[in-house]
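Here the structure is laid out as C-alpha cells; the discussion comes afterwards.
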Amino acid sequence: MHMADALLSPAVGATLWAGTAAVGGYASKKLKVQIDDRTIPLMGVLGAFIFAAQMINFTIPGTGSSGHLGGGMILAILLGPHAAFLTMASVLTVQALFFADGGLLALGCNIWNLGVYPCYLVYPLLYRPLAGEGRRPGRILIASVLGVAVALQLGAFSVVLETLLSGRSELPFGAFVLLMQPIHLAIGIVEGIVTAGIIGYVAAARPEILESVAAARPVGAGVPLAKVLTVFALLAVLTGGAFSWFASTQPDGLEWAIERVTGRGELSEAEHGVAAVLRGLQEKTAFLPDYGFKAAAAEPTPGDAAPAWPGIAAGTSAAGVTGAAIVLVLVGLIGLGIRSAGRRPGSTP
Amino acid sequence: MNFHAQYFDLGRLDRLSYRRTAVHALDPRAKVIATGLFLVTVVSFPKYDVAGLVPFLLFPVLAATLGEIPIGFILRKVLIVSPFAVFVGIFNPFLDTRTVAVIAGLSVSAGWLSFASILLKFALTVSAALLLVATTSFPGVCHALRRLGCPPIFVSQLLFLYRYLFVLAEEAMRIVRAWDMRAVAGRGRGATVFARLVGVLLIRTLDRAERIYQAMLCRGFAGDIPRLGTLRLRSGDLVFVAITVVFLGVCRFFPVTEGIGLLAQGIWR
C-alpha cells in the first residue's frame, strides 16, 4: 500500500514531507539524548532484518496467497517509538530508492502512513496498555493483532485521503475506502498474529532480550487503559458512521467495489511475486497503445480542452489547501500528544 | 524464484552505481538536488496535462544513456512496482467520460487523458529515483543527504541498514532454502512455522548487532560514522544543476511540446 508519486499533488506531498521531517527531527533529537551507542548498530541491523524477513513468505491458510511481515509494530516493540520510527523511515527510504516502491516525493506520505501511526499512536496508546509488562502470550496476541490492524487501517485510510486530496484520481471516496480498508484489515490480522508469534518465540527462547527492551522504555506506561479504549471506541464509531454514509450515497460504487475486492485479494499482496511480473507484462501490452495515443493527443488538447480546465484546477488547489490544513492540524495534535506523553514519566529531560 | 530475483536485482543496482562515467562523477549533492527538482516539477503538472510531460522523458533517458545504465533493467523495475498507481488510475477513464478531443474519428474522454498523465508521471518519477541510486551509489546519496542537513543519526541508520541488508539477505536465503527442502508438498508452510523461522532470524540478528557493536568499539566508534574522502563541488556540477534548472523551467512554463508540434506542422505544409 505504498503511495506513489504519480498520484500526488505537490501540495499534499510537500505537506506530508514537512510533517514527516518534523517527526523525524523530533525522533532524532529525542534519541540523541536517550540512547547509548549500542542502539545505533542495533537499529541498523534491525532495519536490515525487516527486509530479510520480508523475503520469507508464508502461505495464508485457506486462500493460497502468501503473506509477509510488515514491520512497524515489531520494531516499536523491540526498540521503542523513537528508534523504531527512524528505523522504519530508513527501511522505507531504501525501498523507495532500490525497489522503487512508492517514490521519493511520496516517501513523506509513506513514512507518515507506515511509521508515525504504528510507532507514535498505536504502540504507546494501544499496544503497551494492552500487552502490559507481563509476558502472557494471550495479551501479547490480542495487543499485536489489534495494534497492527489499527495501524494498517489508519495507514490505508491515509492513502485514500492523500490520493483524493491530490485530485489525480477520479475514484469516489466511498468506493476507494471500500477497496482499501477490508483488504488491509485482513492483512493486518494475519500480520498481527505473525508478529505475536515472533515476539512469543523470542520471549520463550531468549526472555532477557525483551526484558532489557522493556526496562529501557517507559513511554506510554502512564497512559490509563480505560481512557485509551474509549478514545478508540469513539474513533471506530465515527469512522464506521462516516464510511457507511458514504457507502450508502454511492450504491453502484459499492457493488462495483465489492466485486473488485473479491477479485483483488492477491493483487496488493503479490507485489513482488510471479503474478506481478505477469501483470507487468500485461500492462506493458496495454501501455504501448497509450504511448501512441499520447503522441496523437498532444496537439489537439489545448484548443479543445481549454474550457474544462479552470474549474478542475481550482478544485485540486482547494483540495490541496484543505489537505495541508488537515495534516498541519494532525501534526500539531500529535506533537502536543507526544510532548504531554513524554512529560508524564518524568525520566526524559 | 521471486526471492532470489529480488535479491540479485538489489545487488545489480549496487554494482551499476560503481561505474565510472560522466554522470557517476558528478557530485552526489548536485544529483540529489537535481532529482528533487525534477520530481517536484513533474508532479506539479495539472491533472490533464500529457503533452507537457513528454519532454521530461529526456532527463531519465539522458541519465541512463550517459550513465551507461541498461534502460531495460530500469523499465522492468518500474513495471514491477506499477500495479498500485495503475490500479488507482485505471478508474479515471470510466468515471470521467467528458469528451475533450476527437482524434481521427475517435473521441477521447478526459479520464483517458488523466490516466495517461498518471502513467507518464509514474514512469518519470520512479525511473528518476532508480537512476539516482544507479548513478550515485547508496552511500553517495547518504553522504549527500548528510551534507544537505539530514540528521546524522538518520544517515548512520541508512548506512548501517544498507551494509547489513546484504548480510541478512544471505542469512534469510539460507533459511528459505532449508525450509523449501523440508516443507514438502506445501506442508509446514503456514504462519506458525514462519513466525518461528523469523524469530530465529531475529535472535541471530540481535546477536549479530551485539557483536558488531563490540567490534566497532574496538575500532573507536563514538556514535557517528566518519566518511572517507571529501565531497567537492566543481564547476561542472554547478553547470549541471544550472542546465537542469533551466531545462525544467522552460519545459514547465512554456508549451514546448505544442511548439514543436506547430513547428512540425508548419514544415509539413
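Every number here is computed from the coordinates shown, using simple stated rules; none is lab data. None of these values were measured; they are calculated from a predicted model. FYI the Cβ positions are ideal-geometry reconstructions off the backbone, even for glycines, and counts take in every protein chain you see.
Key figures for this structure:
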quantity	calculated
Three-way shape call for chain B based on the alpha-carbon gyration tensor, with the a/c threshold at 1.5	oblate
Net length gained if the chain between B:TRP179 and B:LEU233 were fully extended (0.36 nm per residue, minus Cα distance)	14.4 nm
Cα gyration tensor category, rounded, prolate or oblate, for the range B:112-153 with a/c compared to 1.5	prolate
10 Å Cβ neighbours from other chains, averaged over peptide A:86-99	6
Mean Cβ count within 10 Å, highest first, over the residues of peptides A:169-182, B:108-121, A:198-211	B:108-121, A:169-182, A:198-211
Links that overshoot a 26 Å alpha carbon limit, given the list B:LYS31/B:LYS77; A:LYS30/B:LYS77; B:LYS31/B:LYS121	A:LYS30/B:LYS77
Calculated from backbone phi, Karplus (6.51, -1.76, 1.60) coupling profile of the range B:122-127 in Hz, x at Gly/Pro	4, 4, 5, 5, 5, 5
Spin-label model distance (nm) - B:GLN214 vs A:GLU133, 7 Å beyond Cα toward Cβ	3.1
Under 13 Å from the B:ALA22 label point (7 Å along Cα→beta-carbon), backbone N, the range B:58-78	B:62-68
B:GLU68-B:ARG252 FRET efficiency (beta carbon distance; Förster radius 30 Å; 0.05 resolution)	0.60
Most mobile of B:VAL133, B:VAL241, B:VAL200 in a GNM of chain B (Cα contacts under 10 Å)	B:VAL200
